[in-house]
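Below: the structure, in structure tokens.
The values are calculated or read from the model by the stated rules, or taken from the named source; none is laboratory data. Please read all numbers here as calculations on a predicted model, not as lab measurements. We place every Cβ from the backbone using ideal geometry, glycine too, and count neighbours over all the protein chains shown.
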Amino acid sequence: MSINQKVGFVFRQENCVGCGACTVACQIHNELPENHRFRKVDRYEVQREDGAVDVWLSHSCMHCENPACLMVCPAKAYHVRDDGIVVLDREKCTGCGLCASACPYSAVSIREDDGKADKCNMCVELLDRGMKPACVTGCPVQCIDTGNIDEVLKRPSASKEGIGYGDCITKPNMVIIKERA
Amino acid sequence: MKINRRTFLQGVGASSVVGSLSGLVPGIATATERGGAPDKMLKREGKIVYHTCQRNCADRCLLKFTVQNGRMTYVEGASEMKKMGTSPCVKGHAYVQYTYAADRILHPMERAGAKGEGKWRRISWDEAYEKISSRLQQIIKEHGADSILPYSYSGHEGVIGKYGGPSRFFNAVGSRKLDRKVCVFAAYEGLKSVTGTYQGPDPYDNIYTNCYISWGQNETATNVHGIKFINQARDKGAKLLVVNPIRTPIASQADIWLQPKPSTDTHLATGIMKYLIENDLADTKFIEANTIGYQDLLKRVDEMSYDEIEKVTGVPREKMFKFAKVYGESELSVIRLGYGMQRNYNGARMSRAIAMMHAVAGQYGKIGNGFVYDNTQADDSLNYSKGRADHIHPNGDTVGHVNMTEIAKAIHPTNPTAYGKPIKPIKAVINYNGNFVSVAPDSNACRLGAMRDDLFLVVHDFLMTDTAELADIIVPSTTQFEFPDMGTDYNCYHMQTSEKVIEPLGESKDNWIFFKELAAHMGLDHHPEMRVDYEQILRDFLDTEEPAFRHNNITYEQIIKEKFVTVYDQRPYFGDGKYKTPSGKIEFYSEMMKEAGYHPVIDFGLPEDEMIPEEKSLPFRMLSPAIPQRANSSFYNVKYIRNFPAYFAKINTEDAKALGISNNDRVRLSNQRGEAFFVAQVSSQVGRGTVMAPKNNWRRMDPQGKASCTNNLTTDKLTDMGGCSAYHSTNVAIEKA
Ligand code: SF4
Ligand code: SF4
Ligand code: SF4
């Protein structure tokens, strides 16, 4: 597969307040069943010198370079677009659940309503119109963005490590920007 | 293959600082449609209507709704407005689901069993009007019009929805007056005693500050759109300081977070003043030019020792000193005071101490400093008496008043009181824009009163609330989206439009049409004020001589055309050094406090001093603040929102251990007012001896099926000044359920 540019999520974890607006904006745009979430927000209690603090991780599909979901899917329902976005064609999905157990980021799950897998396609229908995904425009704190990951990674504070998030063999495309220590 | 996310857990290391997020390359030039779902775009096509969120939230978002064939299909933030950006909050996103909720009440209903039994008979509007008007007329004849009490607050905060429509009716009737003082009023008094006002600078200017102090405020829940301005300041090097007994998200992100025991803020502010004074960080030049009573302050501060402060607040003094040093050395510092912290028996006195502290630091009068509490510049400029038609109330000046916080006392079956004095019984309550059984303190007592057989309860609402289920008659209201209105925010000085988005659903009628038609049925439409249209009500409110309006030449037409206008623009706030106190200066010594019976400089009284022994001896102080996914009692039924937990109790780790409570255990909180059941969230987010449970959750939606809610426990005693609610001065016991 040829990947010309890698679009990924950019997250300023230091600014996330765990409000859940991104989750809901995504559910509404994607018309998801109420209990199905593409984007989840986890809270971590982290020990610091002078006590514990809360840190939130807002995460969805990482649009990996070596997508585990794609590799295990017998129905060939997954596809990587030219821009690196991993998309799922639900028409082809048989609901075997292999992708859901393969994804190291818990980004795929089986929907209760039709028994098929579903996950974040980075709102490509919005991206293709020059707009941003629903979670990005839906965060009132403005701490999620999308961008060309190769470019973003050149910034000194960029990394694939954050609280609750790390790199792995699937080569995820979410970058954490930590501009303030 | 599964990687446990916790294996990535790591401490927070140092990292360097570079530009901001905005320079990113979208990088989608060669994208193809594959994988897209173009049909999802359909709901974004259609007419755009501007409408202001009217929940009781300082942000008061200006939203853009897409409408197709009369149906609202999509909502986004009015990005042309700086405060908004592209996004509403988590709740605002779900407004389409809120409006088309499956459980909306869409036709009038009459009780068909005993009160609260849940049996209803559908009736027509004509029948509803006939029944309501004949019963009210009978009550007026037998007991007088002042036996009728309106109850409402923040269901719709629009100008017509809140006051313009309904108040005209109650004025025409000549009803009892409701003092809508559940919020803010204690701090109003406290702050007025220092600078003469509770208003402050424009939060847009927070981006210029060197130090943002969040004091008793959870921005995530009640001012989420302000956070981006704080972050812009921080990206330029500003410090973030937080004072809060609960570890809010902003507290977690702060440079320094102080966690005082609840309601000990007077002591803490005094400790900080003491440090500033002793370490040459008091701004003596500012103090000399702008204040009176500084010598009295020095003396008073001297009387309080660090030992005592440490003991009362529970804040280690080194940490407080660190905080005071960063604050005192900051060139520009802005304080954002929360609305919650002043809901305490000592609310006015605490607010006063914090505002005084800011004067010792010399932090008034420049762009990037100041004190932000309630920026009602736009709201206060409106002509309320004309908008509400106060002049038609037959005895408006002498009729009795009921404080909404004391509604349970006012409708008590045997001993009705208001402000501590016996009152003439109330025979009818008309509840609109509100849900007092969930929202008012002491919910069990509220229910007791509402269940009275001789109390006629009419509820105008679009959901079966805890209050509606006790009604005699329910009349269906529209949501705010089904009639035109305007709104003012209380953070950024805006007056905004609220265009009608859709036609009323079912048989619902909005806050003006219902009261206007009821007035006609009762023969009250001889008042021309009862026959006007929406536009006339708005024009009456805008018929104001307030300088903020007149100087800016603000007109009805302008607001309709431009969608939002900024009403007031004194910048920098207090830049002229003129304070609104009797002396014209910042008052460290206050006659106003003295007259209220408190120490004229700093009063160290605590809520415990005023609790009955039975409550005082209970081991936990319960705080019941807002959570981000609810606005008072709204959004409890809304798809995508209702699954966010709202029936939990945050308990400190050590306390939980001592009580044998683990995370997710069921717990029972109780005091002399009642009991309530929650799911335990064990965490150091709250300090020892403190428990936090979300406010205003509904009894009928209690997931444990026990019809319990936080307000079963809360106090309805009023604050020291301002007649405000004091929910947080509540003590409870905790046990495993
Ligand atoms: S909307 Fe933004 S701030 Fe809120 S949880 Fe999501 S990423 Fe975090
Ligand atoms: S995150 Fe999971 S679902 Fe997404 S591409 Fe990677 S392996 Fe697949
Ligand atoms: S509740 Fe507040 S933040 Fe949310 S949409 Fe309404 S005004 Fe905006």
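Being away from ligand 3 (no atom under 16 Å from the Cβ) and not in a loop (DSSP other than H, G, I, E, B) is not true of A:ILE169.
Only one entry of A:LYS40, A:LYS76 meets the criterion of being away from ligand 1 (no atom under 16 Å from the Cβ) and among the basic types (Lys, Arg), and that entry is A:LYS76. The set of residues in region A:28-75 being among the hydroxyl-bearing types (Ser, Thr, Tyr) and at the interface with chain B (Cβ under 9 Å from one of its Cβ atoms) consists of A:TYR44 alone. Scanning region A:9-27 for residues that are at the interface with chain B (Cβ under 7 Å from one of its Cβ atoms) and in contact with a Gly (Cβ under 8 Å, 6 or more places away or on another chain) yields A:VAL10, A:ALA21, A:VAL24, A:ALA25. Tell me, which helices (runs of 4 or more DSSP H) wholly within region B:104-212 include 1 or more residues that are outside the structural domain of B:ALA408 (by the TED database) and either farther than 25 Å from B:ASN56 by Cβ or touching a His at 6+ places or on another chain (Cβ under 8 Å) (or both)? Answer list for region B:104-212: B:185-195. Taking residues in region B:683-707 that are outside the structural domain of B:PRO245 (by the TED database), and partners anywhere that are of a type in the set (Asp, Glu), the pairs with Cβ atoms closer than 6 Å and at least 6 places apart or on different chains are B:ARG688/B:GLU654; B:ARG688/B:ASP655; B:TRP698/B:ASP466; B:ARG699/B:ASP466; B:ARG700/B:ASP466. Across region B:166-178, a minimum of one residue is classified as surrounded by fewer than 24 Cβ atoms within 10 Å (Cβ to Cβ), away from ligand 1 (no atom under 16 Å from the Cβ) and under 19 Å from the mean Cα position of the chain (by Cα).
Table: residues versus (1) buried (at least 19 other Cβ atoms within 10 Å of the Cβ); (2) part of a helix (DSSP H, G or I); (3) away from ligand 3 (no atom under 16 Å from the Cβ).
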| position | (1), (2), (3) |
| --- | --- |
| B:ALA233 | yes, yes, yes |
| B:SER252 | yes, yes, yes |
| B:PRO262 | yes, no, yes |
| B:GLY271 | yes, yes, yes |
| B:LEU298 | no, yes, yes |
| B:VAL301 | yes, yes, yes |
| B:VAL312 | yes, yes, yes |
| B:GLU318 | no, yes, yes |
| B:ALA324 | yes, yes, yes |
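Within the span defined as region B:95-112, every residue fails to be surrounded by fewer than 21 Cβ atoms within 10 Å (Cβ to Cβ), closer than 30 Å to B:ASN375 by Cα and in contact with a Ser or Thr (Cβ under 8 Å, 6 or more places away or on another chain). Taking the listed residues A:ILE110, A:ILE177, the one that is at the interface with chain B (Cβ under 9 Å from one of its Cβ atoms) and away from ligand 3 (no atom under 16 Å from the Cβ) is A:ILE177, with no other qualifying. Within region A:141-174, the set of residues being on the phi < 0 side of the Ramachandran plot, more than 7 Å from chain B (Cβ to nearest Cβ) and either within 14 Å of ligand 2 (Cβ to nearest atom) or among the hydrophobic types (A, V, I, L, M, F, W, C) (or both) comprises A:CYS143, A:ILE144, A:ILE149, A:LEU153, A:ALA158, A:LYS160, A:ASP167, A:ILE169, A:THR170, A:PRO172, A:ASN173, A:MET174. Pairs meeting the criteria (first residue in region A:117-140 and at the interface with another protein chain (Cβ under 7 Å from one of its Cβ atoms), second residue among the basic types (Lys, Arg) and more than 16 Å from ligand 3 (Cβ to nearest atom), beta carbons under 9 Å, at least 6 apart or on different chains) are A:VAL124/A:ARG81; A:VAL124/B:ARG34; A:GLU125/B:LYS40. Do we have any residue at all in region B:591-606 that's in a loop (DSSP other than H, G, I, E, B) and free of Cβ contacts under 8 Å to residues at least 12 places away in the same chain? Yes.
Say whether the condition of being at pLDDT 95 or above and of a type in the set (D, E, K, R) is met by at least one residue in region B:147-160. Within region B:147-160 (the criterion being at pLDDT 95 or above and of a type in the set (D, E, K, R)), the answer is no, since none of the residues qualifies.
Matching residues to (1) farther than 14 Å from B:LEU337 by Cα; (2) facing another protein chain (nearest Cβ under 9 Å):
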residue: B:GLY190; (1), (2): no, no
residue: B:TYR198; (1), (2): no, no
residue: B:PRO203; (1), (2): no, no
residue: B:THR209; (1), (2): yes, no
residue: B:ILE213; (1), (2): no, no
residue: B:ASN223; (1), (2): no, no
residue: B:GLY226; (1), (2): no, no
residue: B:ARG247; (1), (2): yes, yes
residue: B:TRP257; (1), (2): yes, yes
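Scanning region A:65-81 for residues that are under 16 Å from the mean Cα position of the chain (by Cα) and among the basic types (Lys, Arg) turns up just one, A:ARG81. Kindly list the number of the only condition in (1) farther than 25 Å from B:THR266 by Cα; (2) surrounded by 14 or more Cβ atoms within 10 Å (Cβ to Cβ) that fails for B:MET592. Condition (1) is where B:MET592 drops out.
Criterion applied to B:GLY400, B:GLY362, B:GLY368, B:GLY420 was being of a type in the set (Gly, Ala, Ser), in contact with a strand residue (DSSP E or B) (Cβ under 7 Å, 6 or more places away or on another chain) and at positive phi, and the one residue passing it is B:GLY368. The strands (runs of 3 or more DSSP E) falling completely within region A:4-84 that include 2 or more residues that are more than 15 Å from ligand 2 (Cβ to nearest atom) and not hydroxyl-bearing (Ser, Thr, Tyr) map to A:40-48, A:51-59.
Of the strands (runs of 3 or more DSSP E) that lie entirely inside region B:45-96, not one contains 3 or more residues that are within 20 Å of B:PRO203 (Cβ to Cβ), touching a helix residue (DSSP H, G or I) at 6+ places or on another chain (Cβ under 9 Å) and at pLDDT below 95.
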